[in-house]
Amino acid sequence: MKIKSLIVAAGVALFATSSLSAKSLVVYFSRADENYGVGNITEGNTAILAKMIAQKTGSDIFEIVPEKAYPKSYNECTTVAKDEQRKKARPAYKGNIDTSGYDTIYIGYPIWWGDLPMVVYTFLEAHDLSGKTIVPFCTHEGSGLSGTDNNIKKLYKNVTMKKALAMTGRTAQNNRTEAEKQVDEWLKK
């Protein structure tokens, strides 16, 4: 049986069809504009994966959109990201979603200077995901997961942590066939 389910992105409610038994949610942060290794892009690397995962799993989806946009320039953005990390900032984001009705939460993010972007921590710290299955995925340009799956697990008690997916932004952005293949293999595990 199919039902319409609420999807919230950038604070805007949208509806999408999903399975009645689907109790999974894809939460992600992604940034377009100038990115390392792929140049100026209109859709972020992590967004590409998040949409793929949501479509393949029948999950609802929520995009973490910072209230204050990050700079479009890669160098300016990295300056802001480093400063946020140094200060352990928790930037505000637009909209929200009630995670209580979901059993599985896919969490997607780019790796910024060996860690999650601080706005992802803002989301994670605002939601108690204890007792849920958490499935991280990230995009990077050589650093892999950087231990971010462990950083997420430390925030919660009694979570089931599934194997994370780490994919280069170049693959997500420039080779969708390979990206889809990697996502399919990862989802089978």
### Message
Can you confirm whether V8 is in a strand (DSSP E or B) and either over 18 Å from the mean Cα position of the chain (by Cα) or at pLDDT 95 or above (or both)?
### Response
no
### Task
Taking only region 148-189 into account, find how many residues are within 16 Å of the chain's Cα centre (by Cα), over 30 Å from Y74 (Cα atoms) and among the hydrophobic types (A, V, I, L, M, F, W, C).
2
### Task
Taking the options K68, K82, name whichever one is part of a loop (DSSP other than H, G, I, E, B), modelled with pLDDT of 95 or more and open to solvent by 30 Å² or more (accessible area, probe 1.4 Å).
K68
#### Entry: Test: residue in region 127-139 that is in contact with a helix residue (DSSP H, G or I) (Cβ under 6 Å, 6 or more places away or on another chain) and open to solvent by 10 Å² or more (accessible area, probe 1.4 Å)
no
### Query
Consider E67 against the criteria (1) in contact (Cβ under 8 Å) with a residue 60 or more places away in the chain; (2) over 15 Å from the mean Cα position of the chain (by Cα); (3) within 17 Å of G95 (Cβ to Cβ): it satisfies all of them except one. Which criterion is unmet?
(1)
#### Entry: Among the residues listed as A179, A126, the single one being among the small types (G, A, S) and either under 20 Å from M52 (Cα atoms) or without any contact (Cβ under 8 Å) to a residue 24 or more places away in the chain (or both)
A179
### Query
What do you reckon, is A172 touching a Phe, Trp or Tyr at 6+ places or on another chain (Cβ under 7 Å), surrounded by 17 or more Cβ atoms within 10 Å (Cβ to Cβ) and over 23 Å from R86 (Cβ atoms)?
no
### Task
Return yes or no: is R90 more than 13 Å from the chain's Cα centre (by Cα), part of a helix (DSSP H, G or I) and surrounded by fewer than 18 Cβ atoms within 10 Å (Cβ to Cβ)?
no
### Query
Within region 146-182, which residues are of a type outside the set (F, W, Y), out of contact with any helix residue (DSSP H, G or I) (no Cβ under 8 Å at 6 or more places or on another chain), assigned to a loop (DSSP other than H, G, I, E, B) and closer than 27 Å to E67 by Cβ?
S146
### Message
So in region 43-61, with the set limited to residues that are assigned to a loop (DSSP other than H, G, I, E, B) and under 10 Å from Q173 (Cα atoms), which one is least open to solvent (accessible area, probe 1.4 Å)?
### Response
G44
### Query
Are any residues in region 93-126 in contact with a His (Cβ under 6 Å, 6 or more places away or on another chain) and either in a strand (DSSP E or B) or buried (at least 21 other Cβ atoms within 10 Å of the Cβ) (or both), and if so, which ones?
I111
### Message
Can you pull out every residue in region 56-108 that is in contact with a strand residue (DSSP E or B) (Cβ under 8 Å, 6 or more places away or on another chain) and among the aliphatic types (A, V, I, L, M)?
### Response
I61, I64, V65, A81, A92, I97, I105, I107
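The values are calculated or read from the model by the stated rules, or taken from the named source; none is laboratory data. Keep in mind the model is a prediction, meaning the values are calculated, not measured. Neighbour counts run over all protein chains shown; Cβ positions are idealised from the backbone, glycine included. For the accessible areas, the whole protein counts, side chains as well, though only heavy atoms, and no ligand, DNA or RNA atoms are used. Shrake-Rupley method; radii C 1.70, N 1.55, O 1.52, S 1.80 Å.
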